[in-house]
Amino acid sequence: MGNPSDGGEAKKGVDAVTSLGDGLKQQIARHGPISVHDYMQMALAGPEHGYYMRQDPFGKEGDFTTAPEMTQMFGEMLGLWGALCWKTMGAPDPVQVVELGPGRGTLMSDAMRAGEIMPGFVDAAQIYMVEISPALRAIQRKTVAGNVGQVPAMREKIEDVPAGPMVLFANEFFDALPIRQFVKTEGGWCERMIDVEPESGAFVFVPGAPVSDRTVIPDDLLDVPPGAIFEDCPRALEIVRDIAARLKHHGGAALFIDYGHGEFAIGETLQGVKDHRYHDVLIDPGSVDLTAHVNFAALAQCAREQGVDVHGPVPQGAFLARLGMGERAEMLAQNASAAQVGEIRSAYHRLTDGDEMGVLFKVLCLAAPGLAVAPWSQ
């Protein structure tokens, strides 16, 4: 990320933020408050100044670090899982190996390397990477082509991936999709909007019109006290419906890994992250990563309605342990230096411990009806 000593690059970042923030304020001045969903959509995926459209946010130099960037073991476990699914499916050739939001291509590279342990899997794989960011697509293509020896097919949305037998990964993908927020007022539920405070010119949250579609709010949350906030993610459900239909008709399995809650609940989870620190979501749109906890209960319910098998959600730590990540860590440590051993064990504990990512992060699996998938089939 830029700083004042970076010259032109820093100026470019400031201009982008100013342009996006000013543009949103002009839109609000002309048309009135915008929804949290639309604000988040523009801040993350606006075609010119959206956060994901103009930079690489991953790793030490970015705003956050995901599991694949911490250790090769994470991608290896998912690759083994995918290869086992493929074998159980009857070893279809070809099989689509799909990743949603592939980061820098690290997970897919590690997964396919580990998948070589299953004869025929890598040769049968047709890799598809679903990514909206031009900058990240270039990085992903280079990383996977260099490490796997196959140039991945790039798509902007899952609907553009051809139908066929499929193994799919989505790690920290759903948390970055735009959400809607609803706030309970004395007069009932209203969609939460974003306006501009006249005196300061700052973005502020305001209640919008009352909710007309009563099905938006779960029945057991209708009578909560004023001030309560409920979040949903329409795009996440669209994606789950598409994936479930593919699995039901063509076979395969999908793995969703993210942080979130396993039950319908109230509470605001929208947050901003910049330079590995929390950041106000209403300040500097376009330079801040915006995320929200994934509602795994909603994803699971949606998938079941489409007629596929649903496993989980289960804690990430338990899932990785049952796949053998602990044994893999000890295997890597046998031929490592003392410093490397420390890094291996630190990464393992960060991904699996209950007070780190092991419980907050959860794993949800969708599978074609009757398909046995690890570790639930073990």
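Say whether the condition of being closer than 30 Å to Thr88 by Cα and surrounded by fewer than 22 Cβ atoms within 10 Å (Cβ to Cβ) is met by at least one residue in region 331-341. I'd like the intermediate steps shown before the answer.
Step one: of region 331-341, the residues closer than 30 Å to Thr88 by Cα are 331-332.
From the residues that got through so far, the ones that are surrounded by fewer than 22 Cβ atoms within 10 Å (Cβ to Cβ) too are 331-332.
Yes, region 331-341 has at least one match.
Residues Asp123, Asp93: which one is out of contact with any helix residue (DSSP H, G or I) (no Cβ under 9 Å at 6 or more places or on another chain) and of a type in the set (Asp, Glu)?
Numbers: Asp93 fails: out of contact with any helix residue (DSSP H, G or I) (no Cβ under 9 Å at 6 or more places or on another chain).
Criteria check complete, one pass: Asp123.
Is one or more of the residues making up region 91-100 within 28 Å of Gly370 (Cβ to Cβ) and touching an Asp or Glu at 6+ places or on another chain (Cβ under 8 Å)? Steps first, answer last, please.
Within region 91-100, the first condition is being within 28 Å of Gly370 (Cβ to Cβ), and the residues that meet it are 91-100.
From what is left, the residues that are touching an Asp or Glu at 6+ places or on another chain (Cβ under 8 Å) are 93.
Checked region 91-100: at least one residue is within 28 Å of Gly370 (Cβ to Cβ) and touching an Asp or Glu at 6+ places or on another chain (Cβ under 8 Å).
Restricting to region 315-330, give me the number of residues that are surrounded by fewer than 17 Cβ atoms within 10 Å (Cβ to Cβ) and of a type outside the set (Asp, Glu).
Initially, region 315-330 is screened for residues surrounded by fewer than 17 Cβ atoms within 10 Å (Cβ to Cβ), giving 322, 324, 326-327, 330.
Checking the rest, the ones that are also of a type outside the set (Asp, Glu) come to 322, 324, 326.
Total meeting the criteria: 3.
Determine which single condition Met108 fails, assuming it passes every other condition in (1) under 26 Å from Pro234 (Cα atoms); (2) modelled with pLDDT of 95 or more; (3) in a helix (DSSP H, G or I); (4) touching a helix residue (DSSP H, G or I) at 6+ places or on another chain (Cβ under 7 Å).
So Met108 meets the others, but not (1).
Return the residues of region 214-267 that are aliphatic (A, V, I, L, M), assigned to a loop (DSSP other than H, G, I, E, B) and under 22 Å from the mean Cα position of the chain (by Cα); say none if nothing qualifies. Outline the logic, then answer.
Let us first name the residues in region 214-267 that are aliphatic (A, V, I, L, M), namely 216-217, 221-222, 224, 228-229, 236-237, 239-240, 243-245, 247, 253-255, 257, 265-266.
Checking the rest, the ones that are also assigned to a loop (DSSP other than H, G, I, E, B) come to 217, 222, 224, 228, 265-266.
Listed by number, the residues that qualify are Ala265, Ile266.
Which of the strands (runs of 3 or more DSSP E) found entirely inside region 285-377 contain at least 1 residues meeting this: closer than 30 Å to His250 by Cβ? Quick ask: steps written out before the conclusion?
Numbers: elements: 289-291, 309-315, 361-367.
The qualifying strands (runs of 3 or more DSSP E) are 309-315, 361-367.
crowded, with 20+ Cβ neighbours inside 10 Å, on the phi < 0 side of the Ramachandran plot and in contact with a Lys or Arg (Cβ under 6 Å, 6 or more places away or on another chain): is that true of Pro375 in this structure? Quick ask: steps written out before the conclusion?
Details: crowded, with 20+ Cβ neighbours inside 10 Å: no; on the phi < 0 side of the Ramachandran plot: yes; in contact with a Lys or Arg (Cβ under 6 Å, 6 or more places away or on another chain): yes.
It is false that Pro375 is crowded, with 20+ Cβ neighbours inside 10 Å, on the phi < 0 side of the Ramachandran plot and in contact with a Lys or Arg (Cβ under 6 Å, 6 or more places away or on another chain).
Picking from Leu290, Leu237, Leu270, which residue would you name as being surrounded by 15 or more Cβ atoms within 10 Å (Cβ to Cβ), in contact (Cβ under 8 Å) with a residue 12 or more places away in the chain, in contact with a Cys (Cβ under 6 Å, 6 or more places away or on another chain) and not aromatic (Phe, Trp, Tyr)? Even if it seems obvious, please write down each step before you answer.
On the way: Leu290 fails: in contact with a Cys (Cβ under 6 Å, 6 or more places away or on another chain); Leu270 fails: in contact with a Cys (Cβ under 6 Å, 6 or more places away or on another chain).
Result: Leu237 is the single residue among Leu290, Leu237, Leu270 that is surrounded by 15 or more Cβ atoms within 10 Å (Cβ to Cβ), in contact (Cβ under 8 Å) with a residue 12 or more places away in the chain, in contact with a Cys (Cβ under 6 Å, 6 or more places away or on another chain) and not aromatic (Phe, Trp, Tyr).
The values are calculated or read from the model by the stated rules, or taken from the named source; none is laboratory data. None of the values given here were measured: they were computed from a predicted structure. In this analysis, Cβ positions are derived from the backbone assuming ideal geometry, glycine residues included, and neighbour counts consider all displayed protein chains.
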